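**Student:** Structure incoming, see below.
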Amino acid sequence: MNYVFKTILAASLLAINFSGVSQGKYFEVVIEKGVFNGMDYGRIRPLNNQYDVKLPYGGKNQRQLLEGILEYLKNRPALKIDTVLNNGSVVVYRDFATIGNKQNCFADLTGLIFLFAIPEEGYISIRPGSNSKIYASVFDAKLRISPGDDVVSEEDVPFNEYKFIQPTDGRTQSAVAPHGGLLGKATSRKINYKLAYPDSIFDPDGKVVNPGNKKRLESFFDGYVTDLDQFLKTKFKMK
């Protein structure tokens, strides 16, 4: 991630208010139910349940805005163009970046983020792709993208996909053989996932239990939009 983009992102993160539950400038972390299985999922989406964020650039046509997006990406070498669809009607680019560490997030969080930028007449629509992933590790895993475009860790240090929602408390079973035999009485032990997943934003009932991480993720995604918007306004000499 180059210096300018890191500066924008750092400024967004420094603006985090940990004292209450709020939302970002462009994005919010919410719980949604799966269409097919009815399960709850954590998701980062544009504010007010909008499909995308719209950035206005009055007087600029689609071609000018496409050229602006491509120039922006050329100036941000950490952001990789994934694909350009339909002669530039959609530009898909990605980033692989650190979101936070154990000191401020209870886990090392890393994002493989895909962004869809759509130049229109007079504005750009932008949204994170559903294929974006956030990964968490408490074992100092050093993550990288493999030649096959998979996220892997060096030396196979454990990591997992980030859980927005803490799992419901469960139990484990084990067999105890008091007389030295192979079989014994089955016992169980309760697992408190609230302690096991302090980095999660929501508890199993949907209550926000980590407002700091909620705001951090929202600010992280806000940073992508803010950086693009500032670059284009400077390019087009707009306020």
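The values are calculated or read from the model by the stated rules, or taken from the named source; none is laboratory data. Values in this document were obtained by computation on a predicted structure and should not be read as measured data. Counting neighbours? That spans all protein chains shown, and the Cβs are built from the backbone with ideal geometry, glycine included. For accessibility, only protein heavy atoms count, side chains too; no ligands or nucleic acids. Shrake-Rupley method; radii C 1.70, N 1.55, O 1.52, S 1.80 Å.
**Student:** Which count do you get for residues in region 108-126 that are surrounded by fewer than 17 Cβ atoms within 10 Å (Cβ to Cβ) and among the small types (Gly, Ala, Ser)?
**Tutor:** 1
**Student:** Restricting to region 182-208, what's the tally of residues that are out of contact with any Ser or Thr (no Cβ under 7 Å at 6 or more places or on another chain) and either modelled with pLDDT of 90 or more or of a type in the set (S, T, N, Q) (or both)?
**Tutor:** 12
**Student:** A further question on this structure: Quick one: is Leu85 of a type in the set (A, V, I, L, M, F, W, C) and in contact with a Phe, Trp or Tyr (Cβ under 7 Å, 6 or more places away or on another chain)? Write out each step before concluding.
**Tutor:** Values: of a type in the set (A, V, I, L, M, F, W, C): yes; in contact with a Phe, Trp or Tyr (Cβ under 7 Å, 6 or more places away or on another chain): no.
The answer is no for Leu85.
This table checks each residue for (1) modelled with pLDDT of 95 or more; (2) closer than 30 Å to Lys235 by Cα; (3) surrounded by fewer than 17 Cβ atoms within 10 Å (Cβ to Cβ).
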position: Tyr72; (1), (2), (3): yes, yes, no
position: Asn75; (1), (2), (3): yes, yes, yes
position: Asn86; (1), (2), (3): no, yes, yes
position: Phe106; (1), (2), (3): yes, no, no
position: Ser137; (1), (2), (3): yes, no, no
position: Lys142; (1), (2), (3): yes, no, yes
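**Student:** Hand me the list of strands (runs of 3 or more DSSP E) wholly inside region 94-174 holding 2 or more residues that are polar (S, T, N, Q) and under 16 Å from the mean Cα position of the chain (by Cα). Lay out the reasoning, then the answer.
**Tutor:** Numbers: elements: 108-119, 123-128, 133-137, 143-145, 151-153.
Fully inside region 94-174 and qualifying: nothing.
**Student:** Sticking with this one: For residues that are open to solvent by less than 20 Å² (accessible area, probe 1.4 Å), touching an Asp or Glu at 6+ places or on another chain (Cβ under 9 Å) and assigned to a helix (DSSP H, G or I), scanning just region 204-231, find the one that is farthest from Gln23 (Cα to Cα). Step through it out loud before you land on a result.
**Tutor:** Residues of region 204-231 that are open to solvent by less than 20 Å² (accessible area, probe 1.4 Å), as a first pass: 210, 212-214, 217-225, 227-229.
Subset that is touching an Asp or Glu at 6+ places or on another chain (Cβ under 9 Å): 210, 213-214, 218, 224.
Then drop every residue that is not assigned to a helix (DSSP H, G or I), which leaves 213-214, 218, 224.
Numbers: Asn213: 11, Lys214: 8, Glu218: 7, Tyr224: 16 Å.
Step by step, filter region 204-231, then rank; the result is Tyr224.
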